[in-house]
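The values are calculated or read from the model by the stated rules, or taken from the named source; none is laboratory data. Treat the numbers as computed from the prediction; the structure is a model and nothing was measured. Please note: Cβ atoms are built from the backbone with ideal geometry, for glycine as well, and neighbour counts cover all protein chains shown. Heavy atoms of the whole protein, side chains included, go into the accessibility calculation; ligands, DNA and RNA do not. Shrake-Rupley method; radii C 1.70, N 1.55, O 1.52, S 1.80 Å.
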Amino acid sequence: MTNNIVQIDNLSFGYKGRLLHKGINMVFPRGKVVAIMGGSGSGKTTLLRLIGGQIKPTKGEVRVGGEIVHKQDRDGIFKLRRQMGMLFQHGALFTDLSVFDNVAFPMRELTDLPASMIRDLVLMKLNAVGLRGAHALMPTELSGGMARRVALARAIALDPAIIMYDEPFAGLDPISMGVVCELIRSLNDALGATSIIVSHDVKETFLIADYVYFVADGVVAAEGTPDDLMQSTLPFVHQFVHGEKDGPVPFHYPAANYQTELLNQASVR
Amino acid sequence: MIKSNLLIGITRILTGIGHRMIERIWRLGAGARLFFLTIIYSGESFKRFHLTLREIYFTGVMSLLIVIVSAFFVGMVLALQGYNTLQKYGSSEAIGVLVALSLVRELGPVVTALLFAGRAGTAITAEIGLMKTTEQLSAMEMMAVNPIARVIAPRFWAGVISMPILAALFSMVGILGGYLVAVPLIGVDDGAFWSQMQANVDFRLDIVNGVIKSLVFGVACTMIALFEGYDAPPTAEGVSRATTRTVVISSLTVLALDFVLTSFMIVI
Amino acid sequence: MDRTKIDLWVGVFVALGMAALLGLAMKVGNLTSSKLGETFSVTAAFENVGSLKPNAPVKSAGVVVGRVGSIAFDSKNYLAVVTINIDKRYAFPSDVEANIYTAGLLGEQYLGIEGGGADEPVVNLKNGDKIHKTQDAIVLEKMISTFLFSKASETNGGAQGSTAKATSDAKSTELGDAPF
């Protein structure tokens, strides 16, 4: 068995003939924090969905624990997903359940643990994210950062082997961002899990990632450790890492020539 | 030039209609698929029946007030209007029959279904649409929990169970409302009111058929609400549109189904 | 809202529903009244039952004492044979009369049991007996046609002239009495 818990081989995926990914290869070694970076709309979140088996690739394959995800039937996929925890972009907490019930949800749904044990486990998980005192609150009563942390507690409820983070830093204040950043690293190491982070926040991601993939135009444009990438002279990586406005990633959406468009009114409808 | 413009216009209208029809048929198919999946995964959700109980609370119990209050007024109006006409023919004693039959056969199931679509149906659509928008359904799926078994099926059965109960309550409360107007207010004989009713309302033909109707409406209204929520585009606008559609489609479906069911029941 | 509270409310809700359905069945529908408890059945033959239907009330002195069981056609005598289920609590002499009445002008038809007790000693009706004296349903069309017929002959009598007035008067009274 290889040391790579998730492996993506020559993956292509697209909607209605328009390919979003054009032959992507990635490996995610056990115990590491691996980040997938790229601009908005480059299909990073879709990669997570492909790993989770929510959508099927057009070509190529995704292996999780050696099994090809899209060849599994429903039960097989559910079995694979039990090893995964996912933190959604906005937490995706169940708004009709309290914080406690949210974290208890996967345990209640997927295990036959007695209520007392679930209680202890939930409080442990909440303690790990520093929100044990908030267990009685409803998701609507939480701040964005707290909600993200509760969702994190829920994602690790069943001690998954793989934890996926979809934009874990998006929309957080700097303090919450730091807290979440710290948590991702410490939880990964404490649980011995593999973390996959999808993000476009360079500073935080580089702080905790062991390895980074850059996705652009449907392919892996660059990869390496954060240090390598900081030094990278590839124009795209340079633009992204240093947050420059214009560069290989154009400021303008592809359009007709500005002057001709202004003069020729008929073309805009 | 004008002629070709006209032709283009007509073509555009026709293709528009065609697209819309295809869209409708597509949605019908998707709805039917969701219905079958709901039935298939119902077993899983029955193992945790408290989920369904919880939804009965939200759909049924929460609709009690509006159903009872409307039923009361509908019954009173029926008695007033009925008396006004019946007394011209000297048969004001038949007012009990009139009120009871109208309620048990038609108004009970139909008005309850319309109220249900407005009260519980919209709530279901909005809730599920919002769960989809905020990725709660996706999250569930990623946790290896089937959202159809966990979210859709309990709500479906709650609606199917609640509707006949609400309709029966509607009929009963409506009859009581009619009684209050007919007997103490207008002065129709108390005994005649009930005995005429009992002589002319048949348990199987009227009451059981009313319950069957409300069961069918329960399936239709709940399923429409669930599908609209489940299928809503994950945006605020999408959810609000889906909610509106729930009311419109449920109401039309209930009225059309009522005609179909009534024609079956009258022939039998 | 904790779980037990929800259970309680749902329980109340379901109980209310049951009560409403039970109320509909008992108080509104004829589920109870069609089951009279212990009954005995007698038959009666009519030339015309009009729109009498099974399960129609059987009344004596205005009190519901039973229900019409079944209505069948006797092809030997060309008569309608009505089975009447009468509550065992009530007893009737064997020479009662069974009439079909209409409740109000347009109301439903019911069966009335009247009279009797003329024979001495009184023998009560028992299960399987037959009521011999019957009176048919009044069929509105028949009644109207007889009435119109009598009216027509009345006007014809008047047209014969004033000389024959006395005789025609006598004739019309005779005719007028006849149909009923």
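For the reader, a short list of remarks on this structure follows.
- Meets criteria (buried (at least 20 other Cβ atoms within 10 Å of the Cβ), in contact with an Asp or Glu (Cβ under 9 Å, 6 or more places away or on another chain) and within 9 Å of chain C (Cβ to nearest Cβ)) for B:Ser162: yes
- Verdict on A:Leu137 being touching a helix residue (DSSP H, G or I) at 6+ places or on another chain (Cβ under 7 Å), under 23 Å from B:Thr134 (Cβ atoms), surrounded by fewer than 18 Cβ atoms within 10 Å (Cβ to Cβ) and at pLDDT 85 or above: yes
- Screening B:Leu65 on (1) within 12 Å of chain C (Cβ to nearest Cβ); (2) in contact with a helix residue (DSSP H, G or I) (Cβ under 7 Å, 6 or more places away or on another chain) shows it passes everything except condition (2).
- Condition met for B:Pro154 (open to solvent by less than 30 Å² (accessible area, probe 1.4 Å), within 13 Å of chain C (Cβ to nearest Cβ) and closer than 30 Å to A:Asp73 by Cβ): yes
- Tally, over the stretch B:186-208, of residues that are part of a helix (DSSP H, G or I) and surrounded by fewer than 21 Cβ atoms within 10 Å (Cβ to Cβ): 11
- Meeting the requirement of 2 or more residues that are under 17 Å from C:Ala137 (Cα atoms) and over 12 Å from the mean Cα position of the chain (by Cα), the strands (runs of 3 or more DSSP E) wholly within the stretch C:46-110 are C:63-74, C:79-87.
- Residue in the stretch A:1-22 that is most open to solvent (accessible area, probe 1.4 Å), counting only those that are closer than 13 Å to A:Gly60 by Cα and of a type in the set (D, E, K, R): A:Lys22
- Selection within the stretch C:15-45 - surrounded by fewer than 15 Cβ atoms within 10 Å (Cβ to Cβ), assigned to a loop (DSSP other than H, G, I, E, B) and either among the small types (Gly, Ala, Ser) or modelled with pLDDT of 85 or more (or both): C:Gly37
- Those residues of the stretch B:196-211 which are free of Cβ contacts under 8 Å to residues at least 40 places away in the same chain and either within 14 Å of B:Gly108 (Cα to Cα) or more than 7 Å from chain C (Cβ to nearest Cβ) (or both), in sequence order: B:Arg204, B:Val208
Residue by residue, here is whether (1) over 25 Å from C:Met143 (Cα atoms); (2) touching a strand residue (DSSP E or B) at 6+ places or on another chain (Cβ under 6 Å); (3) small (Gly, Ala, Ser) holds:
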residue: C:Thr43; (1), (2), (3): yes, yes, no
residue: C:Ser51; (1), (2), (3): no, yes, yes
residue: C:Ala56; (1), (2), (3): no, yes, yes
residue: C:Val64; (1), (2), (3): yes, yes, no
residue: C:Ser75; (1), (2), (3): yes, no, yes
residue: C:Tyr78; (1), (2), (3): no, no, no
residue: C:Ser94; (1), (2), (3): yes, no, yes
residue: C:Asn99; (1), (2), (3): no, yes, no
residue: C:Gln109; (1), (2), (3): no, yes, no
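- Tally, over the stretch A:96-124, of residues that are closer than 25 Å to B:Thr134 by Cα, in a helix (DSSP H, G or I) and within 14 Å of chain B (Cβ to nearest Cβ): 10
- Across the stretch A:63-77, a minimum of one residue is classified as without any contact (Cβ under 8 Å) to a residue 60 or more places away in the chain, touching a Leu at 6+ places or on another chain (Cβ under 7 Å) and within 17 Å of A:Val27 (Cβ to Cβ).
- Cβ-Cβ contacts under 6 Å between residues 6 or more apart (or on different chains), taken from a first residue in the stretch B:166-184 that is more than 7 Å from chain C (Cβ to nearest Cβ) to a second residue that is open to solvent by 20 Å² or more (accessible area, probe 1.4 Å) and of a type outside the set (A, V, I, L, M, F, W, C), are listed as B:Val183/B:Asp190.
- Of all the numbered requirements in (1) over 26 Å from the mean Cα position of the chain (by Cα); (2) surrounded by 22 or more Cβ atoms within 10 Å (Cβ to Cβ), B:Asn146 misses one, and that requirement is (2).
- Boolean, A:Ala221 is outside any strand (DSSP E or B) and among the small types (Gly, Ala, Ser): no
- When A:Leu152 is tested against (1) within 27 Å of A:Ser186 (Cβ to Cβ); (2) aliphatic (A, V, I, L, M); (3) open to solvent by 10 Å² or more (accessible area, probe 1.4 Å), just one condition goes unmet, and that condition is (3).
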